[in-house]
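Working notes, structure below.
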Amino acid sequence: MRWNLNEWLRIASNLAVLVGLALIYAEIQNNTHVTRALLVDSGYSQASDVYSDFVDAGMAEVWTKSITSPSELTMAERAQLNERLESLLILYTRERFFTNLDIYQEWEGIVRTTAGVFLANPYGQAYWSVRRESYNSEIVDAVDRVLAESPASNVYADFDSAILRELERRYEQE
């Protein structure tokens, strides 16, 4: 069988289309990895912002008051706390959403590292008991597990006390 020029050109053009499709596939994969990296970075930034929001100048006092004497919080202070705690719960929802899209491998890590700090104190627990019905059962279960494992006391106050004890120990050694 003799092949003429048209048949050779057709084979060459089909190969060029296959190479083009392979290049497009590679570019899509690269864009997917970049997008995932950006989303993960954004998640870390949001988690960092949650911590920063709780310790900015005015909020640190409100948060401390929510730990030591929650019944003395004013309505304005409760509104500040509610906004910060809600942003934390929205972050959980975001992380779970991206995990369900296979962008993240796991979403409960953020719950494990933050719920015990921000929701284990008396005000946080009261807030969670009111808001929990508004959230997906997976989020409710994850937060409830962390709170069940966390002491029913003030996790952050305990952490802060441990740091102060360590500082005192170091100063005594000097």
Practice task
For segment 90-113, indicate whether the set of residues that are buried (at least 16 other Cβ atoms within 10 Å of the Cβ) and small (G, A, S) is non-empty.
Solution key: no
Practice task
Among what's in segment 64-109 and is free of Cβ contacts under 8 Å to residues at least 60 places away in the same chain and in a loop (DSSP other than H, G, I, E, B), pick the residue that is nearest to the chain's Cα centre (by Cα).
Solution key: W107
Practice task
List the number of the failed condition for Y127; all other conditions in (1) aromatic (F, W, Y); (2) crowded, with 16+ Cβ neighbours inside 10 Å; (3) within 30 Å of T35 (Cβ to Cβ) hold.
Solution key: (3)
Handout entry: Output for segment 110-124, where each listed residue is part of a helix (DSSP H, G or I) and closer than 17 Å to V62 by Cβ
Key = V117, F118, P122, Y123, G124
Practice task
Six or more apart or on different chains, Cβ under 9 Å: which pairs go from a residue in segment 149-172 that's surrounded by 10 or more Cβ atoms within 10 Å (Cβ to Cβ) and aromatic (F, W, Y) to one that's in a loop (DSSP other than H, G, I, E, B) and modelled with pLDDT of 80 or more? Could you list them?
Solution key: Y156/A120; Y156/N121
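Any residue that is of a type in the set (F, W, Y), at pLDDT 80 or above and surrounded by 10 or more Cβ atoms within 10 Å (Cβ to Cβ) - is there at least one of those in segment 29-44? Working first, answer last.
Let us first name the residues in segment 29-44 that are of a type in the set (F, W, Y), namely 44.
In the following step, the residues that additionally are at pLDDT 80 or above were identified as none.
Among the residues of segment 29-44, not one is of a type in the set (F, W, Y), at pLDDT 80 or above and surrounded by 10 or more Cβ atoms within 10 Å (Cβ to Cβ), which makes the answer no.
The values are calculated or read from the model by the stated rules, or taken from the named source; none is laboratory data. Every value quoted in this text rests on a predicted model; they were computed, and no experiment measured them. Reconstructed Cβ throughout: ideal geometry from the backbone, glycine too, with neighbour counts over all protein chains shown.
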